[in-house]
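Shown next, in structure tokens, is the structure this report addresses.
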Amino acid sequence: MPLAECEYVGDHWKDMRAAEQAGIPGILLRLLGIHLEPTIAAVAFGFAVVGAAFLLSWGAEVAQRDISQALALTILALIAVLPEYAVDAYLAWRAASDPEHYGPLALANMTGANRLLIGVAWPLVVFLYCWRSRKTGKPINEITIGKEQGVEVAYLALATLYSFIIPIKGTLSLVDLAVLLTIFGLYVRRVLKAEHNEEPDLIGPAKMLGDLPTKARRWTVVALFVVAAGVIFLVAEPFAESLIEAGVALGLPERTLVQWLAPLASEAPEFIITGMFAWRLLGTASLGTLVSSKVNQWTLLVSTIPLVFNIATWRLGKPVPAVLPLDAFQREDLLLTSAQSLFAVALLLDLRLSWQNGVALLSLFLFQAFLPDTHRWVTIIYLVLAAFFLVRHFPHIRAIVHVLMGGHYQEPPAKDD
């Protein structure tokens with residue numbers, strides 16, 4: 001092997017070791033049960049999350065040499081949001097013994113995670129992608145995802161439509177679990193059938209791993225996913241708790257911390273990974289991962305609440321199946337989340353998201369986050385804008401329905417001038 005190539009490989013092995021070692025302090029704190037000042041602990045756990053995010057991103061890129069991009073991004077999205085499942089499952093478990101206190105917190109954590117994903121993560125990757133494209137001298141004003149991502153958009157639309165039923169009936173139950181798991185199962189079934197089309201353009205550590213012999217490459221990718229998932233799952237809860245403790249010390253309300261700060265911490269891996277993809281101008285990978293994650297959250301995350309709540313209720317010797325009731329504020333909060341999701345789907349029907357769309361998503365999110373008394377008005381705005389874009393993208397609705405019927409996304413014919 002030439003000296004220059006040896007140095008190249010050596011440098012990237014160092015990068016991988018650095019990502020792995022970043023998690024050691026947080027892992028030791030967790031395993032040894034050491035309690036530090038919340039801010040210091042949050043930094044240690046945060047480094048572990050960042051290191052795991054790098055490992056996941058490299059693994060997801062290399063995996064595309066052996067499986068379809070859609071499947072690779074689905075696996076990546078599922079692992080990246082593991083911390084959010086852990087936090088919400090914990091709150092749902094506690095809700096069985098104290099539903100009045102922890103029930104609203106479990107729902108607030110779930111709605112906050114969903115709204116952060118669309119209201120912050122989607123705009124940020126679009127802004128970063130467009131800004132980076134200008135730096136290359138070839139400005140691009142939107143991210144375009146591939147037709148294979150039409151599956152994600154289609155099943156996100158289906159899950160979003162069902163989500164409106166939950167605030168209308170005012171409960172979360174095992175019926176919701178059954179419906180949402182069915183939607184997720186159908187989605188995964190379609191993703192597993194996705195074709196492996198083109199080889200990924202790998203650079204850095206991902207290229208080094210991609211050049212390994214086939215068997216070694218595949219086992220290395222599996223190891224990266226397993227190690228990263230283990231680290232994220234291990235430090236997710238203490239990372240969120242450390243941030244919440246720091247916020248409580250500053251006098252912030254518990255609900256605000258659970259709805260915004262905890263999801264922001266638990267979704268940090270996903271924000272980092274998709275940001276890295278956007279930085280490298282991998283638009284489909286960045287936005288595609290976020291859309292896949294939204295499907296996961298709008299199906300599996302929501303269904304986690306009634307599932308864990310019922311298991312915990314049974315363990316306490318109470319009658320099951322149990323229903324988690326939603327008060328007026330929770331129903332309004334969930335309706336707002338559904339309306340935001342519908343607006344996002346309407347924007348993405350043509351598989352494009354422009355920086356102007358990103359501005360709209362971020363602006364409305366900031367408005368409702370900092371002015372909670374405006375939730376009802378923001379919900380109406382989301383629904384009006386969704387209706388406008390549904391009409392504007394009406395020909396693409398047929399393509400989405402075609403996907404749900406088992407076909408492929410077909411771009412509508414261009415209109416004659």
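The values are calculated or read from the model by the stated rules, or taken from the named source; none is laboratory data. No experiment lies behind these values; they were computed from the predicted model shown. Don't worry about glycine lacking a Cβ; one is built from the backbone with ideal geometry, like all the others, and counts go over all protein chains shown. Remember, those area values only see protein heavy atoms, side chains included, never the ligands or the DNA or RNA. Shrake-Rupley method; radii C 1.70, N 1.55, O 1.52, S 1.80 Å.
The table below lists the values:
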read-out: Span from the the range 157-193 Cα centroid across to the the range 78-117 one, whole angstrom; value: 17
read-out: Orientation-averaged projected area, Cα convex hull of the range 300-417 (nm²); value: 10.7
read-out: Protection proxy ranking of 156-167, 129-140 - average other beta-carbon atoms within 10 Å, highest first; value: 156-167, 129-140
read-out: With 20 Å bins from 0: P(r) over the chain, alpha-carbon pairs, percent; value: 26, 59, 15, 0
read-out: Sum of side-chain charges, ALA53 neighbourhood, beta-carbon under 11 Å (Lys, Arg +1; Asp, Glu -1); value: -2
read-out: Per-selection Rg to Rh, the range 315-379 - Cα, Kirkwood hydrodynamic radius; value: 1.18
read-out: Net charge of neighbours whose Cβ lies under 10 Å from the Cβ of GLY288, counting Lys and Arg as +1 and Asp and Glu as -1; value: -2
read-out: Ordering of 148-154, 290-296, 245-251 by burial proxy (mean other Cβ atoms within 10 Å per residue, highest first); value: 290-296, 148-154, 245-251
read-out: For the range 361-417, convex hull of alpha carbons as volume per residue, Å³; value: 119
read-out: Residue-averaged 222 nm ellipticity for the chain, from DSSP H runs of 4+ at -39500 (n - 2.57), nearest 500; value: -24000 deg cm²/dmol
read-out: Distant alpha-carbon pairs in the range 79-216 (separation over 23 angstrom), percent; value: 57
read-out: Exceeding the 26 Å Cα-Cα cut-off - candidates LYS193/LYS215; LYS147/LYS215; LYS207/LYS294; LYS215/LYS294; LYS169/LYS318; value: LYS147/LYS215; LYS207/LYS294; LYS215/LYS294
read-out: Ratio of Rg to Rh over the range 191-345 (Cα coordinates, Kirkwood Rh, two decimals); value: 1.03
read-out: For the range 211-283, alpha-carbon Rg relative to the globular expectation (2.2 N^0.38 Å, N residues); value: 1.51
read-out: Share of carbon and sulfur in the accessible heavy-atom surface of the chain [1.4 Å probe, %]; value: 67
read-out: The chain: DSSP helices with Cα axial extent of at least 18 Å and average Kyte-Doolittle hydropathy no lower than 0.0; value: 38-63, 82-95, 122-135, 150-163, 174-192, 214-249, 283-296, 302-315, 328-348, 355-370, 375-392
read-out: Overall dimensions of the range 58-160 as given by Cα atoms, namely Rg and Dmax in Å; value: 17.8, 59
read-out: Whole-Å distance, taken between Cα centres, linking the range 30-61 and the range 345-402; value: 34
read-out: Net charge of Cβ neighbours under 13 Å - reference ILE165; Lys, Arg +1; Asp, Glu -1; value: +1
